[in-house]
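A quick write-up on the structure given underneath.
Please treat every number below as a calculation from the coordinates, not as lab data. From a predicted model like this one, the values you see are computed outputs, not experimental measurements. When we count neighbours, we look across all protein chains shown, and the Cβ atoms used for this are built from the backbone with ideal geometry, even at glycine.
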């Protein structure tokens, strides 16, 4: 099986990505990263809120729902993270006692032609986080406009196991919808090392921000920014 460094490194422009891994010290960790090509996409930061991580602009600007959103929220029995405003919506549904499958089941892809970026979301139960649900709402490659929603349940990761999902697959020039999900191996001992592994694998010309957090400890997330993007 490929290493995380290889899987991430060969995708020159992954867009946004979610990661679920058990590091070698046994900790279950989530991860979220941002890359960007345009000036507006690069002018963003991950900021800490009350039980949240928020993607916000680095300078005064109008709110853009496709670029500015709650990227991770930890509340009561659930951790939810992903690439858009659906994170808050899914978390609210879980608070109303919806199952993860139902909470994730009718998501839509982003209205950003021509690529129609997938919505990617991870749900994990607290405190143990024994299993996680990955969901991707993707536009059909045919003529249909209805979203195809893929949901994958990941259980009982062993130390060194990692599962990833990215919005795009790209050589840095041509951009396509990412693979449904990818499995890899990590050499990271803990969350700090996992953040290093992911950060160093992202193409420097595109990377913007990244956060890695242990399940149940979102407030202690390791957060990194590209200096040019963070300002």
>> I need the per residue convex hull volume for segment 153-216, using only the alpha carbons, in cubic angstrom as a whole number.
In response: 113
> So what is the 222 nm mean residue ellipticity for the chain from helices alone, if each DSSP H run of at least 4 adds -39500 (n - 2.57) and you divide by all residues, rounding to the nearest 500 deg cm²/dmol?
Replying inline: -4000 deg cm²/dmol
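Please report 134, 206 as a ranked list, fewest other C-beta atoms within 10 angstrom at the top and most at the bottom. Kindly include the intermediate steps, with their values, before the conclusion.
Values: 134 23, 206 20.
Listed from fewest to most nearby Cβ atoms, that is 206, 134.
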> In percent, how large is the relative contact order of the chain, given Cα pairs closer than 8 Å and 6 or more residues apart?
Replying inline: 30
> Got a sec? How would 166, 153, 117 order by Cβ neighbour count within 10 Å, fewest to most?
Replying inline: 153, 117, 166
>> Taking the number of other C-beta atoms within 10 Å as the exposure measure, put 110, 220 in order starting with the fewest.
In response: 220, 110
> D for the chain, whole µm²/s, Stokes-Einstein with Kirkwood Rh over alpha-carbon pairs at 37 °C and 0.692 mPa s: what number?
Replying inline: 190
> What fraction, in whole percent, of alpha-carbon pairs in segment 29-91 exceed 13 Å separation?
Replying inline: 61
>> On a full-extension model of 0.36 nm per residue, what is the gain between residue 40 and residue 96, subtracting their alpha-carbon distance, rounded to one decimal in nm?
In response: 16.7 nm
> How long, wide and thick is segment 94-231, going by the Cα atoms along their three principal axes, in whole angstroms, largest first?
Replying inline: 45, 41, 29
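Using 0.36 nm times the number of residues separating residue 54 and residue 171, minus their current alpha carbon distance, what extension gain do you get? Let's see the in-between values first.
On the way: separation 117, 0.36 × 117 = 42.12 nm, distance 2.82 nm.
This chain segment gains 39.3 nm when fully extended.
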